[in-house]
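S.K.: Dropping the structure in here first, questions after.
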């Protein structure tokens, strides 16, 4: 699995489609984007591990970084932010390749450049 992360609207999906030669249909079939939003529903650490294991079966998983910037005042928003970060850590552990994309530029954190 390839895990791609980075800020919102940083060109993550565009980069991975270009690097792997994926069209829209291929992307929809083999990839998951906005994975951080899936973490919001995990009620326990065990559920988070199950979710990470399921996502690891995909070709590409994309998640936006949510841990940078100002910490939200709202407790529920802080819980979502923490869940997203924990899922990203689990996905990075399971991934063969981890790439951070910022301003459309890829930075390989783990594995090989595409």
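The values are calculated or read from the model by the stated rules, or taken from the named source; none is laboratory data. Remember, predicted model here, so these are calculated numbers, not experimental data. Please note: Cβ atoms are built from the backbone with ideal geometry, for glycine as well, and neighbour counts cover all protein chains shown.
S.K.: Working only within region 103-114, note down all residues that are at pLDDT below 95 and in contact with a helix residue (DSSP H, G or I) (Cβ under 7 Å, 6 or more places away or on another chain).
M.R.: 104, 114 - these are the residues of region 103-114 that are at pLDDT below 95 and in contact with a helix residue (DSSP H, G or I) (Cβ under 7 Å, 6 or more places away or on another chain).
S.K.: Could you check how many residues of region 52-102 are part of a loop (DSSP other than H, G, I, E, B), at pLDDT below 95 and out of contact with any strand residue (DSSP E or B) (no Cβ under 8 Å at 6 or more places or on another chain)? Explain how you work it out, then say what you get.
M.R.: Filtering region 52-102 for residues part of a loop (DSSP other than H, G, I, E, B) gives 56-59, 65-74, 95-96.
Now narrow it down to the ones that are at pLDDT below 95: 65-74.
Adding the requirement that they be out of contact with any strand residue (DSSP E or B) (no Cβ under 8 Å at 6 or more places or on another chain) leaves 66-74.
Total meeting the criteria: 9.
S.K.: Related question: Kindly provide the set of residues from region 56-79 that are more than 14 Å from the chain's Cα centre (by Cα) and within 16 Å of residue 5 (Cβ to Cβ), ordered by number.
M.R.: Initial filter on region 56-79 (more than 14 Å from the chain's Cα centre (by Cα)): 68-79.
If the condition is that a residue be more than 14 Å from the chain's Cα centre (by Cα) and within 16 Å of residue 5 (Cβ to Cβ), then 68, 69 are the ones that fit.
S.K.: For residues in region 29-39 being part of a helix (DSSP H, G or I) and under 15 Å from the mean Cα position of the chain (by Cα), which is surrounded by the most Cβ atoms within 10 Å (Cβ to Cβ)?
M.R.: Of everything passing the filter in region 29-39, 39 is surrounded by the most Cβ atoms within 10 Å (Cβ to Cβ).
S.K.: Identify all residues within region 2-28 that are surrounded by 19 or more Cβ atoms within 10 Å (Cβ to Cβ) and farther than 10 Å from residue 101 by Cα; write none if there are none.
M.R.: 2, 3, listed by residue number.
S.K.: Suppose we filter 52, 83 for residues that are buried (at least 17 other Cβ atoms within 10 Å of the Cβ) and within 16 Å of residue 2 (Cβ to Cβ); which single one remains? Let's see the steps before the verdict.
M.R.: Details: 83 fails: within 16 Å of residue 2 (Cβ to Cβ).
Of 52, 83, the one residue that is buried (at least 17 other Cβ atoms within 10 Å of the Cβ) and within 16 Å of residue 2 (Cβ to Cβ) is 52.
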